[in-house]
Every structure is written in C-alpha cells, then in structure tokens.
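Undergrad: Can you read through this structure? Questions will come right after.
The values are calculated or read from the model by the stated rules, or taken from the named source; none is laboratory data. The structure presented is a predicted model; accordingly, all values stated were derived computationally and were not measured. Cβ placement follows ideal geometry from the backbone for every residue including glycine, while neighbour counts extend to all protein chains displayed.
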Amino acid sequence: MGPPKTPQITPSILNADFAALGAEVGRIPSADWVHVDVMDNHFVPNLTFGPTMVEALTKATDVPLDAHLMIEDPDREALAYVEAGAGSVTFHVEASSAPVRLARELRGHGARASMALKPATPIEPYEDLLAELDMVLLMTVEPGFGGQKFLDLVLPKVRRARELLDRHGLETWLQVDGGVSLETIERCAEAGADVFVAGSAVFSAEDPDRMVAALRSAAQSVG
C-alpha cells in the first residue's frame, strides 16, 4: 500500500465520552481510522485502554483501529493489540529496545507497523530504519493527555522526516498527533504530514463526522 492518495483523518477517542465509546465511534463513520491511545501510567502519566477495549471497539465500528501504544514495554505487549484486532500498531521508539524486530513482528502478524517519536526525539538517528515501517508518528504534543496546545517547534522535524522518506523513495505514511485542528492542520500538511490524529477538535464539535470532512478538506487544500 503506497502513500495515501488523500489526507487521512484518524480521530482520537481520548477526547470521546469513555462511558459510551461504541456510540462515539458511530459518530465518525467517514474517518479513515479510529486512533486508540493506550497509556500504562508508566511511560506516560495517564492510564487508559488495553487490548480488551480494542477488541470491544472492533465490534463497535467498521473503521479500522490505529492503536498508539504509549507504554513501557511494547516489545512484549504490542502483539496483543494485533490479536485484539488493531489494523495499525504504533510503538514509541523511546520505549522499544528492539524496534526493527518489533516492526517486523507486527508486519508478520498482518498489522501495519508504526513508530512514534516524542517532540524532543530526533528523526535522523532512525533514517536507516524507516524502510521497516508503514508509518512514522511525530508527536506534536508531549504524550499523555488530550486537549494540549500544538507545538509548532515540531514542524521542522516533520519537514526533515518528509525529506528523508522522499530521499529513500519510501511509501511510509507520516502521521502527526497532538493539538491538530482546523487552526493547525494546514501547517502540518505543508510540512509533509499525510495522516492526522485529531481528538478534541473532532469530539468537541457539534457534528464530529462533519469535522472529519472539514479537516480532510483543509489538509487537501495545501496540496
């Protein structure tokens, strides 16, 4: 699968109503993916979902699940999320001791393999690893909580990541997550991102699915 032909919008359920997640994912049928923020209260100071919730969500929506593992030991835990039904699994390079092996394991089990970097983690040391990945996630806030302000300082890194991917002729998707909204998505698209996680922008909107379309349209307008 090559780069997405149009920008992809992946609403994060971190800002949805946790008491009614099945109904909440039903409000975004036109999303490309549903972004599930998995937090273990160790790698980040928050605790959210595990594989059981991912499995329950697969039964509640036809939209594929994008599991973002903000956890301490993804080398040991990540495959449980593939088994639970996630179509894409993202691990943090800061937490993985064997990222190439992990990416290959995820792909070998039929999931898209994605690697996330915190805002302060540079992309350059991982240039040779990019071909092993289906997606790179550059965090545009510090991971842990939804509703944070977008960090413009990450945009140069998005540009550098796009240059590296293009230089190697890779079809790896480039995802941004954190503070993405109608106010910030065009800047991200201009920098080279093509997959956008939006949490509060989508679920605080009166019509979440219309916001998904508006975000996609805003990102498209840049191209």
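Undergrad: Tell me, please, whether a residue that is touching a strand residue (DSSP E or B) at 6+ places or on another chain (Cβ under 8 Å) and farther than 25 Å from S200 by Cβ can be found in region 40-62.
TA: no
Undergrad: Filter region 169-202 down to residues that are in contact (Cβ under 8 Å) with a residue 40 or more places away in the chain and surrounded by fewer than 19 Cβ atoms within 10 Å (Cβ to Cβ) and give me whichever is farthest from the chain's Cα centre (by Cα).
TA: That would be L170.
Undergrad: Taking region 166-194 as the region of interest, how many residues are of a type in the set (A, V, I, L, M), out of contact with any Leu (no Cβ under 7 Å at 6 or more places or on another chain) and under 24 Å from V89 (Cβ atoms)?
TA: 1
Undergrad: Please name all residue pairs, on different chains or six or more residues apart, with Cβ atoms under 8 Å, provided the first residue is in region 27-43 and is on the phi > 0 side of the Ramachandran plot and the second residue is surrounded by fewer than 20 Cβ atoms within 10 Å (Cβ to Cβ).
TA: That search, which allows pairs on different chains as well, returns N41/L47.
Undergrad: I'd like the full set of residues that are part of a loop (DSSP other than H, G, I, E, B), at pLDDT below 95 and closer than 19 Å to A214 by Cβ, limited to region 8-48.
TA: Within region 8-48, A16 is the sole residue that qualifies.
Undergrad: Looking at region 118-170 only, could you name the residues that are modelled with pLDDT under 95 and within 22 Å of A103 (Cβ to Cβ)?
TA: P143
Undergrad: Quick check on this structure: which one of R187, R216, R210 is over 19 Å from R27 (Cα atoms) and either assigned to a loop (DSSP other than H, G, I, E, B) or of a type in the set (D, E, K, R) (or both)?
TA: Selected residue: R187, the only one of R187, R216, R210 that is over 19 Å from R27 (Cα atoms) and either assigned to a loop (DSSP other than H, G, I, E, B) or of a type in the set (D, E, K, R) (or both).
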